[in-house]
1. Is it fair to say B:LEU220 is over 24 Å from B:PRO63 (Cα atoms) and away from chain A (no Cβ under 12 Å)?
2. In region B:93-110, what residues are hydroxyl-bearing (Ser, Thr, Tyr) and within 16 Å of B:THR197 (Cα to Cα)?
3. Within region B:163-172, is even one residue more than 11 Å from chain A (Cβ to nearest Cβ), surrounded by fewer than 19 Cβ atoms within 10 Å (Cβ to Cβ) and among the hydroxyl-bearing types (Ser, Thr, Tyr)?
4. Could you identify the single residue in B:LEU93, B:LEU60, B:LEU105, B:LEU64 that is within 14 Å of chain A (Cβ to nearest Cβ) and either small (Gly, Ala, Ser) or under 27 Å from A:LEU175 (Cβ atoms) (or both)?
5. For region B:129-137, indicate whether the set of residues that are out of contact with any Gly (no Cβ under 7 Å at 6 or more places or on another chain), in a helix (DSSP H, G or I) and surrounded by fewer than 17 Cβ atoms within 10 Å (Cβ to Cβ) is non-empty.
6. Does A:ARG96 meet the test of being closer than 28 Å to B:TYR209 by Cβ, of a type in the set (Lys, Arg), assigned to a helix (DSSP H, G or I) and modelled with pLDDT of 85 or more?
7. Taking only pairs six or more apart or across chains, which ones have beta-carbon atoms under 9 Å, a first residue in region B:23-52 that is within 16 Å of B:ASP218 (Cβ to Cβ), and a second residue that is loosely packed, with under 14 Cβ neighbours inside 10 Å?
8. So, in region B:119-128, exactly how many residues are touching a residue at least 12 places away in the same chain (Cβ under 8 Å), assigned to a helix (DSSP H, G or I) and surrounded by fewer than 20 Cβ atoms within 10 Å (Cβ to Cβ)?
Amino acid sequence: MLDWLHGLFGPSLELLALSPPGWGGNLLRGLVNSLQIAAGAFGFGLVIGLLGASGKLYGGPVTRDLLEVYTTVVRAVPELVLILILYFIGTDLLNRATATMGYGSVEISGVAAGIWVLGVVQGAYATEVLRGAIRAVPPGQFDAGRAYGMGGVMLMRRVTIPAMLPYAIPGLANLWLIATKDTALLAIVGFAELTLETKQAAGSTKAYFTFYLAAGLLYLIVTLVSTFLFHRLENRSRRGLPGAMGVGRCVNS
Amino acid sequence: MREFLKPRRIVLLAIAAALVLWCATALRWDWLPEYAPLLAEGIWTTIWLLVVTAALGFALAVPLGLAQVTGPWWLSTPARVFCTIIRGTPLLLQIWLLYYGLGSLFPQIPGIRQTWLWPYLREAWPYAVLALSLSFAGYEGEVMRGAFAGVPRSQLETGQSFGMGRFTLFRRIWLPQAVRSALPTLAGETILQMKATPLVATITIMDTYAVAARVRQDLLITYEPLLLLAVCYLVMASIIALIFSRVERSGAGRAAR
């Protein structure tokens with residue numbers, strides 16, 4: 001029985017070994033790259049989202065219109081196209097900036113470029129998620145904070161962010177999952193993340209199923225672990241709130 | 001209209017018009033007539049891919065959602081696992097798994113080259129249709145699960161008390177109610193599906209994205225084809241949104257509330 005199993009899976013497992021004749025090390029390195037880009041893009045997107053949501057809720061009419069254009073365009077154009085446009089614009093601008101400062105052209109690391117392009121995409125979705133979450137907080141809480149003499153930043157840190165978290169976390173969890181999956185698109189631009197490493201490994205060994213299934217499993221593990229952690233985080237952020245508040249549970253990806 | 005055209009809006013629109021004018025004059029568009037037929041074909045490819053895969057995917061999503069809501073465990077567990085796997089892995093990986101993986105398995109089957117299937121199996125589009133349909137089914141299966149579960153029990157009980165059989169009940173009450181409540185989500189999901197179609201360009205299908213990439217390669221210009229591409233997809237997304245809002249407002253959506 002064991003012999004038979006080994007005959008079936010043995011060669012594939014050898015291909016997945018971590019040290020050089022196997023390609024497992026490459027896959028794991030790709031996974032680390034993917035996670036790095038996803039985490040960076042998620043964080044960058046959160047910063048944009050927080051600014052965007054504040055702008056949409058409290059900004060002047062022009063700011064609001066411009067933000068509306070940003071979120072609409074980003075959500076209607078395929079990520080792949082946006083990634084290419086942002087990638088070229090980013091490198092162009094950076095090269096021009098360094099040229100005017102007299103440094104000549106620079107080489108941009110794949111991770112930094114990936115974070116920049118995916119972050120801008122994530123920012124549009126995060127803006128909408130956070131705007132909805134902030135609107136779900138009863139306005140009396142902000143008034144109470146202001147009545148205590150809190151300024152804008154302190155109000156944000158002490159009231160707005162903790163109060164909106166339970167409403168925002170389901171949407172943000174979804175965004176994080178989208179971020180991890182969107183890193184695969186960077187394979188098309190040639191970044192050595194998990195999907196591209198997988199393609200190269202599969203192409204040179206002809207063991208397509210082995211490698212694509214292994215990569216799929218890695219992505220799935222990331223998804224399942226993240227879902228579990230976000231559930232715990234959501235429960236934690238809901239401490240002290242009355243139950244049965246189904247807000248944002250069904251934000252779809 | 002009066003509400004929309006406030007002074008600041010007019011200024012913003014003027015700036016936008018100036019930007020468009022600048023793009024039209026300062027950038028290079030002389031390649032457009034030459035590539036127009038190819039582009040039209042590409043847009044057509046995108047549209048039929050979207051329509052076919054959304055229809056097939058939705059047809060698969062209904063049983064997937066239903067199985068998760070009322071099915072016995074040996075139906076609901078596989079359905080849940082399927083949805084989790086599709087939603088937990090990148091679509092690009094799924095497309096490549098099917099195209100390179102399945103595509104490399106078929107030639108090993110003895111005698112397959114003589115069957116009527118072979119000409120299709122050598123093409124790229126069956127794999128694209130399969131991958132995109134399965135992906136849409138996975139996401140929509142989850143949406144339909146929520147929609148089926150959200151139909152009030154009392155409605156189903158009313159149907160039963162009218163003597164409807166299980167199939168009639170499903171066809172006349174459960175499915176229409178569920179689809180109605182899921183329509184806004186389905187509109188968003190269809191736009192997401194449209195945004196997923198350019199991925200098939202990586203397996204040699206000449207869709208809108210592939211045409212733009214071809215222009216980029218042939219003429220070594222960066223921004224023009226990408227801008228055109230963005231505009232094409234923006235227009236398609238608006239059309240999808242418009243169609244769905246029409247459907248929602250027409251009879252299919254009104255009776256729900």
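The values are calculated or read from the model by the stated rules, or taken from the named source; none is laboratory data. Please read all numbers here as calculations on a predicted model, not as lab measurements. Cβ atoms come from the backbone with ideal geometry, glycine included; neighbour counts cover every protein chain shown.
1. Considered against the rule, which asks whether it is over 24 Å from B:PRO63 (Cα atoms) and away from chain A (no Cβ under 12 Å), B:LEU220 comes out as yes.
2. Correct list: B:TYR99 only.
3. yes
4. When all the criteria are applied, what remains is B:LEU93.
5. Within region B:129-137, not a single residue is out of contact with any Gly (no Cβ under 7 Å at 6 or more places or on another chain), in a helix (DSSP H, G or I) and surrounded by fewer than 17 Cβ atoms within 10 Å (Cβ to Cβ).
6. So A:ARG96 fails the test.
7. B:TRP31/B:ASP218; B:TYR35/B:ASP218; B:LEU39/B:LEU32
8. 2
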